[in-house]
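Participant: Below are the structure tokens for one structure; questions will follow.
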Amino acid sequence: MGGLLARRTVYGFTTDPRDAQIMYAAMLQGLFRSGDGGRTWSSVSPELKDLASVAVNPKRPEELYAATTEGVVFRSEDGGKSWKRQNRE
């Protein structure tokens, strides 16, 4: 698939609940997004690495969550353009 790293494991996968053509794949190499149903992929946030999962808020699809293999959670309110580390309470 164009832009998605070959022979690498996808640890987390989700789609936008309002548009199934928008997909996210969490990998050790970062978070990748497809806007065309998986035909092409691009890196969403190169600064995030070692990702184990990704989730989309079903009521606000521009709100994304990504978790690392170490259990650190990041949140984006703008579709992955910027991320904030979430503190444990």
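Participant: As an exercise: evaluate T14 against (1) assigned to a strand (DSSP E or B); (2) open to solvent by less than 40 Å² (accessible area, probe 1.4 Å); (3) farther than 19 Å from L4 by Cβ and give the number of the one condition it does not meet.
Facilitator: Every condition holds for T14 apart from (3).
Participant: Moving on. Name the strands (runs of 3 or more DSSP E) wholly inside region 20-89 in which the number of residues that are in contact with a strand residue (DSSP E or B) (Cβ under 9 Å, 6 or more places away or on another chain) and over 23 Å from R7 (Cα atoms) is 1 or more.
Facilitator: The qualifying strands (runs of 3 or more DSSP E) are 51-57, 60-68, 73-76.
Participant: Among the residues of region 35-73, which ones are buried (at least 19 other Cβ atoms within 10 Å of the Cβ) and within 10 Å of the chain's Cα centre (by Cα)?
Facilitator: Selection gives V44, S45, L48, L51, V54, V56, L64, A66, A67.
Participant: OK, next. Scan region 17-34 for residues that are closer than 19 Å to E77 by Cβ and open to solvent by 20 Å² or more (accessible area, probe 1.4 Å) and jot them down.
Facilitator: Across region 17-34, the qualifying residues are P17, R18, D19, I22, R33.
Participant: Further question: Give the residues of region 61-87 that are β-branched (V, I, T) and in contact (Cβ under 8 Å) with a residue 24 or more places away in the chain, sorted by residue number.
Facilitator: T69
Participant: Within region 2-11, is even one residue closer than 23 Å to K59 by Cα and surrounded by 16 or more Cβ atoms within 10 Å (Cβ to Cβ)?
Facilitator: no
The values are calculated or read from the model by the stated rules, or taken from the named source; none is laboratory data. All values derive from a computational prediction rather than experimental measurement. Cβ: placed from backbone, ideal geometry, glycine included. Neighbour counts: every protein chain shown. Just the protein is used for accessible areas: all its heavy atoms, side chains included, with ligands, DNA and RNA removed. Shrake-Rupley method; radii C 1.70, N 1.55, O 1.52, S 1.80 Å.
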